[in-house]
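Here the structure comes first, spelled out in structure tokens, and everything after it is commentary.
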Amino acid sequence: MSKYTIAVLVKNQFGVLNRVTSMFRRRQFNINSLTVSETESDAYSRITVTYNGEPELHNQIVNQLYKLPVVCKVKELDVDESVSCEVMLIKVKNDPATREDIRTAADAYKAETVDYTHESIIMRITGDSRRIDAFIALMREYTILELCRTGVVSLERGSKTISEI
């Protein structure tokens, strides 16, 4: 099973996200990450989806997406030819016994402290999914109270844009 990241340029209309995600559900793909936002033009939205699947089914879902009237373009984003990023907020217990270790780990990963109380520390970290996964694994040695992460956002390198495809 392979991991895929695709960008889908869609008309910015009510119900579009449901139509696109239903396509994945019907074909029993598990979506790992999903981000949606308006583009440089408010007439369009960009949906970035990461998912795992078999190559034959991946090609089928891309072809099926093109059949939706709200889909303008679909672009597979190759990890070597694109820039990807995620953002995560993580809240850990502020225990005096582990506080210095947490700060050292945060400094190593360039995680920014965005809230600090006697009970907890909230840090923000940005980077690719592997980097964020590694930081979570490290923080599991301490008490993670809560975490929230965005989906992957990704743009193809160079001067090409999804609207030019």
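The values are calculated or read from the model by the stated rules, or taken from the named source; none is laboratory data. In this text the structure is predicted, and so the values were computed from the model without any measurement. Cβ coordinates were reconstructed from backbone atoms using ideal geometry, including for glycine residues, and neighbour counts include every protein chain displayed. When the accessible area is computed, the model is the full protein with side chains, heavy atoms only, and any ligands, DNA or RNA have been set aside. Shrake-Rupley method; radii C 1.70, N 1.55, O 1.52, S 1.80 Å.
Among SER22, SER33, SER129, which one moves the most in a GNM of the chain with springs linking Cα atoms closer than 10 Å?
It is SER22.
Take the solvent-accessible surface of the protein heavy atoms, probe 1.4 Å, and return the percent of it on the chain that carbon and sulfur atoms account for.
The nonpolar share, carbon plus sulfur, comes to 49 percent.
Of LYS67/LYS160; LYS73/LYS160; LYS110/LYS160; LYS3/LYS160, which sit over 20 Å apart, Cα to Cα?
As for pairs spanning more than 20 Å Cα to Cα, those are LYS67/LYS160; LYS110/LYS160; LYS3/LYS160.
Could you identify which residue out of VAL152, VAL114, VAL71 has the top mean-square fluctuation in a GNM of the chain using Cα springs shorter than 10 Å?
Looking only at VAL152, VAL114, VAL71, the biggest GNM fluctuation is shown by VAL114.
Counting only heavy atoms of the protein chains, get the accessible area per residue of the chain (1.4 Å probe) and round it to a whole Å² value.
It amounts to 61 Å² per residue over the chain.
Going 7 Å from the Cα of SER163 in the Cα-to-Cβ direction, what parts of the range 71-100 have a backbone nitrogen less than 17 Å from that spot?
71-75
Can you give the local net charge around LEU145? Use residues other than it whose beta-carbon is closer than 10 angstrom to its beta-carbon, Lys and Arg +1, Asp and Glu -1.
Every neighbour counted, the sum reads 0.
In degrees, nearest 10, range 0 to 90: what is the angle between the Cα axis of helix 55-66 and the longest Cα principal axis of the chain?
Taking Cα atoms only, the helix is inclined about 70 degrees.
Pairing the Cα long axis of helix 99-108 with the longest principal axis of the chain, what angle in degrees results, from 0 to 90 and rounded to the nearest 10?
Rounded to the nearest ten degrees, it is 40.
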